[in-house]
């Protein structure tokens, strides 16, 4: 219950961002929400299932591109959005065979799968616009009703991300979520109890791809432009970093991680050349000093108190 | 009624070594059968073959009259077998209650709902807590399993084997490493198992074996060397030579 | 038509030769020390740029290859001793850490050498075509690369299969504790294998830079291909790296020729089949 109040308070605080009247901060907050949701999809696999996928950027990108192509091709939002999420889920079903492996193999295979899908974004120019990408994606509209400016769009994103977070919280505390935790803790024991663990990991993988797909849809609408930058393998990799950096399997963690990473990408990058070096140092620092993430850090501070 | 467990001509080779060598025996419903043997006799390997951890080199295994020789471990468990591991294999980051809830759902590969709460309904939770009471760790039911003592985790291990209302339980040295008090508790639980549950247990501690068993199967160097009531086995000359003789 | 097929085949072989140099180091490092070093792509890139610089200064291509290799040996030594050891064998942390190292190295290279593709100048003795049976004209450089790849593969295989040191490495791949129990000086062995892997990665950057060019993001492009090699071949297996390189090199080359739009995706099919039939890779051990 306390958590729900905390989430509501955060949502309320975020709702005041458009009142600041600065489109930069509105845009950045939207980016944090969107990429935070992507990080949630990775965090789900890491903390609930115990697998580290490096292909969620591909689900994100395929959904973003699908929305972009369909919306600019004249499809209505109510058709384009389900199609985009279905595209991400289909890709999830195809890549899901990677759950037949585990550990390092799984990391490497998902990275390779993700990059294969992403390479299509640059090579299949007829479909994706190549390096130019797809521009002029309209805001979403259902039966003619939809956001018309940035702050309205902001509230749409806030509401949808909030909804996804609630759905997510429900899933990880569900019966199915418990069985995933069992697999994470002791897969051989789950097998000995009679569970079909590989099928469960596969389903979890597809769920993860759907969350990443929703994030991709929101990305296309908020950015109104999709290019290979959204389909870079760095998106997958940084989403993983956001999840680890946030830490400890809470719903807030991935958004904290997203705040740091998007801050570097959008604020630091404007101030210094060579900012990716800083990003690299963040990766290294997280491994060396914060392997349990920011949320783990507060836990440590709390425990350190007398 | 067909045998619960039927093993015929079972052999497992690792490289040149036959860890289990042409073993044949049957366990009938309701039997309490203990596999006894010195270290390296092949009992744990035999146990792994029966539970499906790895495949046999040759031979046939049937559970409840069904040939399971090529069946995976999970499918064998779904036939109605609860098992323990020699080294405790429980869910460390979950609570004992959650451990048991998972064990209760395994027999039918349940727990697919994305929206029904993983805490289970009232009656399920009550059943889980009652089981933890039975194995003697009720007071720790809601703490993190990783923080339990070694003995408590062994008892939880036993609870996991029993939770799915199995027709048969296969136990792999359930008393290994326990204090005498914990040991007698585990023995009590095993002895109190209902008649309907068939027990197959691997043990190298003779005191525990003779206490629990109504039938003893003795192994040495991968082969069966004796099979019968505890009294008969105790009197068996071969057993005395290879196993009891030293003691 | 047959000419084109022959050319694609040779292109595939030369890419395979390059990939083998990179992937064999990656796979050995993992097999022996259980270290996943994603920075191999960045090693390729920085080795290539440094080697390029040496070629420009000295005019000697061979010197450039050696310099590229040795500089990466030094970089890897520092990275391993100061950073990778602190991951304590956790693969997730190793992946994140070495990705971070990749960011740092690649961006440093971008700041120094800029964003335009650069080609390592090929040596005079490797310029021009060779004429192969059937009147196939093929660039001499890439032909020599195939020969070099075969030679290195043969050498590594002999080291791995026929020498006492190779026997210890193989034992270490199978069972690390056992090797340690044998009282083998495992630290020295690790250092040697790491150095060999790093040298191959750095040298392959120079060799690859002479026909694929060096450019920002090349570190990822080459890393992914090397990873696919290792996945198909099986982590930790030198024979797997050979088979995987051939496979990936040929599929990539024919894919680019037959279906350029989706060439990058062509490798998905064989990988998916492999995952379904043999998830541990062609030569990998079940894990």
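Listed values, structure above:
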quantity	calculated
Options A:208, A:236; residue that is in a helix (DSSP H, G or I), in contact with a helix residue (DSSP H, G or I) (Cβ under 6 Å, 6 or more places away or on another chain), away from chain C (no Cβ under 14 Å) and touching a residue at least 12 places away in the same chain (Cβ under 8 Å)	A:208
Members of region A:172-206 that are at pLDDT below 95 and within 17 Å of the chain's Cα centre (by Cα)	A:172
Search result, residues across region B:86-100 that are more than 7 Å from chain A (Cβ to nearest Cβ) and at pLDDT 90 or above	B:95, B:96, B:97, B:99, B:100
Per-region count, region A:240-255, residues surrounded by fewer than 21 Cβ atoms within 10 Å (Cβ to Cβ) and in a helix (DSSP H, G or I)	1
When residues of region B:43-80 are limited to those that are assigned to a strand (DSSP E or B) and touching a strand residue (DSSP E or B) at 6+ places or on another chain (Cβ under 8 Å), the one farthest from residue B:199 (Cα to Cα)	B:58
Single condition residue A:216 does not satisfy, out of (1) surrounded by fewer than 24 Cβ atoms within 10 Å (Cβ to Cβ); (2) in a helix (DSSP H, G or I); (3) more than 13 Å from every other protein chain (Cβ to nearest Cβ)	(1)
Exclusive hit being crowded, with 16+ Cβ neighbours inside 10 Å, farther than 23 Å from residue C:32 by Cα and within 14 Å of another protein chain (Cβ to nearest Cβ), set C:141, C:103	C:103
Candidates B:231, B:241, B:195, filtered to the one that is assigned to a loop (DSSP other than H, G, I, E, B) and either out of contact with any helix residue (DSSP H, G or I) (no Cβ under 8 Å at 6 or more places or on another chain) or within 26 Å of residue B:8 (Cα to Cα) (or both)	B:195
Residues located in region A:12-41, provided they are more than 18 Å from the chain's Cα centre (by Cα) and in a helix (DSSP H, G or I)	A:12, A:13, A:14, A:15, A:17, A:18, A:19, A:20, A:23, A:24, A:25, A:26
From C:250, C:189, C:212, C:276, residue being loosely packed, with under 15 Cβ neighbours inside 10 Å and either more than 10 Å from chain A (Cβ to nearest Cβ) or touching a helix residue (DSSP H, G or I) at 6+ places or on another chain (Cβ under 8 Å) (or both)	C:276
All positions within region B:110-130 that are surrounded by 14 or more Cβ atoms within 10 Å (Cβ to Cβ) and either more than 7 Å from chain A (Cβ to nearest Cβ) or part of a helix (DSSP H, G or I) (or both)	B:110, B:119, B:120, B:124, B:125, B:127, B:128, B:129
Residue satisfying condition, being touching a helix residue (DSSP H, G or I) at 6+ places or on another chain (Cβ under 6 Å), without any contact (Cβ under 8 Å) to a residue 60 or more places away in the chain and over 30 Å from residue C:167 (Cβ atoms), within set C:15, C:93, C:45, C:111	C:93
Matching option when the condition is modelled with pLDDT of 90 or more, assigned to a helix (DSSP H, G or I), in contact with a helix residue (DSSP H, G or I) (Cβ under 7 Å, 6 or more places away or on another chain) and closer than 26 Å to residue C:111 by Cβ, among C:225, C:196	C:225
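Conditions (1) under 11 Å from the mean Cα position of the chain (by Cα); (2) at pLDDT below 95; (3) outside any loop (DSSP other than H, G, I, E, B); (4) within 15 Å of residue C:22 (Cα to Cα), marked per residue:
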| position | (1), (2), (3), (4) |
| --- | --- |
| C:189 | no, yes, yes, no |
| C:203 | yes, no, yes, yes |
| C:212 | no, yes, no, yes |
| C:239 | no, yes, yes, yes |
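The values are calculated or read from the model by the stated rules, or taken from the named source; none is laboratory data. Source: prediction; values computed, not measured. Note: ideal-geometry Cβ built from the backbone for every residue, glycine included; neighbour counts use all protein chains shown.
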